[in-house]
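The values are calculated or read from the model by the stated rules, or taken from the named source; none is laboratory data. Worth saying up front: this structure is predicted, and the values here are computed from it rather than measured. Using ideal geometry, Cβ is built from the backbone for each residue, glycine included, and neighbour counts are taken over all protein chains shown. With ligands, DNA and RNA removed, areas are computed over all heavy atoms of the protein, side chains included. Shrake-Rupley method; radii C 1.70, N 1.55, O 1.52, S 1.80 Å.
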Amino acid sequence: MKRIAILASGSGSNAEKIINYFENNELIRVDLLLTNNPEAGVIERGRRLGVPILIFDKKSFTKTDRIVEILKKQEIDWVILAGFLWLIPSNLIKAYPDKIINIHPALLPKYGGKGMWGHFVHEAVYENKESESGISIHYVNENYDEGEVVFQAKCEISEGDTPDDIAAKVQVLEHRHFPEVIEKLIMG
Ligand code: GAR
C-alpha cells in the first residue's frame, strides 16, 4: 500500500477528485489532508469524504520538523500539492526526494514562479492574449514551479474567453488528468 498526503490551501476540488479516484484502490490510498488555511474549502470536503485533516501554521511548517514527523509517523509515501501556495521547505524536500508532486494551472515554464497561482495565472495568460493554456504536473524542488515537468495538457483559448473561462477550461484538464498521472507516477 502506498499512502498519499495532500496539501491544499483553497477550495480543494482537485483534492476531492484525487480522493474519489483512489477510493477503491487497493494499492494507493489518500490517508491525510493538510492545509495552512483554516478557512479553506478543502476542510469541509475532507470532513465529508472522511479523510483526516490537519491544519498547520507557517511557523510549524517552515521552522520545525513537525510536518515531516507527522507524515513519517503516518507512513506517508507521496506528498501531493493540490492548490498549495507556500514554498516547500528543504526539510520536507529532503524527507521526500522525488516524491512531492505539484499541479500548476499553466504551461510551465511560462506563468510560473512566486505570486503566480490561481486566478493570477489566468489573468496573466489573458492579458498576454495567449492562444492556449493548460496544466503542468511536476516534481517539486526548493524553488516555485521549477521541478521537472512530467506531464502537460493543453486547451485552446478562444477569442472572447475571459480569465474565468480560461480557468474553467484548465480546471477540466486538472480534474481529468491529475489523479491518473499521480497513479502512473506512484506505480512507476
Ligand atoms: C488549481 O487550479 C491549481 O492548479 C492551482 O490552484 C488551484 C486549486 O484549485 N495551483 C496553483 O496555482 C499553484 N501555483 P482547487 O483548490 O479547486 O483544487
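Using a 1.4 Å probe on the protein chains only, how many percent of the accessible area of region 42-188 belongs to carbon and sulfur?
50 percent
Pop out the ³J(HN,Hα) list for region 154-170 in order, Karplus 6.51 cos²θ - 1.76 cosθ + 1.60 with θ = phi - 60°, rounded to Hz; leave Gly and Pro as x.
Residue by residue, region 154-170 yields 10, 9, 7, 10, 8, 4, x, 5, 8, x, 5, 5, 4, 4, 5, 5, 5 Hz.
Taking amide hydrogens as modeled 1.01 Å from N in the peptide plane, which residues meet the under 5 Å criterion relative to residue 83, leaving out close sequence neighbours?
Those lying under 5 Å, H to H, from residue 83 are 103.
Gain in length, residue 150 to residue 168, computed as 0.36 nm per residue apart minus the alpha-carbon separation, to one decimal in nm?
4.2 nm
Rank by packing, highest mean first: peptides 68-75, 33-40, with packing defined as the count of other Cβ atoms within 10 Å averaged across residues.
Put in order of decreasing packing, that is 33-40, 68-75.
By what distance, in whole Å, do the Cα atoms of region 117-181 stretch along each of the three principal axes, largest value first?
So the extents along the principal axes, rounded to whole Å, are 35, 25, 16.
R0 = 35 Å: FRET efficiency of residue 132 with residue 74, Cβ-based, nearest 0.05?
Working from the Cβ atoms, E equals 0.30.
Quick one: net charge around residue 75, please, counting Lys, Arg +1 and Asp, Glu -1 for every other residue with C-beta under 10 Å from its C-beta.
So the surrounding residues net to +2.
What is the sum of charges, Lys and Arg at +1 and Asp and Glu at -1, for the other residues whose Cβ falls under 13 Å from the Cβ of residue 59?
For residues surrounding residue 59, the net value is +1.
Report the residues of region 126-140 in range of a label on residue 159: point 7 Å along Cα→C-beta, backbone N strictly under 20 Å from it.
From region 126-140, the list is 126-133.
Using the Karplus curve 6.51 cos²θ - 1.76 cosθ + 1.60 with θ = phi - 60°, work out ³J(HN,Hα) for each residue of region 72-79 in order, rounded to whole Hz, and write x for Gly and Pro.
Each residue of region 72-79 in turn: 5, 4, 8, 6, 6, 9, 10, 10 Hz.
Between residue 150 and residues 5 or more places away or on another chain, which pairs have amide H atoms under 5 Å apart, with H built 1.01 Å from N, and which residues are they?
Counting only residues 5 or more places away or on other chains, the set is 137, 138, 139.
Would you mind counting up the charge near residue 170? Only other residues with Cβ under 12 Å from its Cβ, with Lys and Arg at +1 and Asp and Glu at -1.
On the way: positive: 154, 169, 176; negative: 130, 132, 156, 161, 164, 165, 174.
Around residue 170, the surrounding residues sum to -4.
What length, rounded to one decimal in nm, is gained on full extension from residue 11 through to residue 90, with 0.36 nm per residue of separation minus their alpha-carbon distance? It would help to have the intermediate numbers written out before the result.
Values: separation 79, 0.36 × 79 = 28.44 nm, distance 2.60 nm.
Taking 0.36 nm per residue and subtracting the Cα distance, the gain is 25.8 nm.
Output ³J(HN,Hα) for region 136-149: one whole-Hz value per residue in order, computed from phi by the Karplus curve 6.51 cos²θ - 1.76 cosθ + 1.60 with θ = phi - 60°, and x for Gly and Pro.
Running phi through 6.51 cos²θ - 1.76 cosθ + 1.60 with θ = phi - 60° gives 10, 10, 8, 5, 9, 10, 7, 10, 4, 6, 10, x, 4, 7 Hz.
Applying a 10 Å radius around every beta-carbon, put 26-32, 164-170, 3-9 in order of their mean neighbour count, most first.
My ranking of the peptides, most packed first, is 3-9, 164-170, 26-32.
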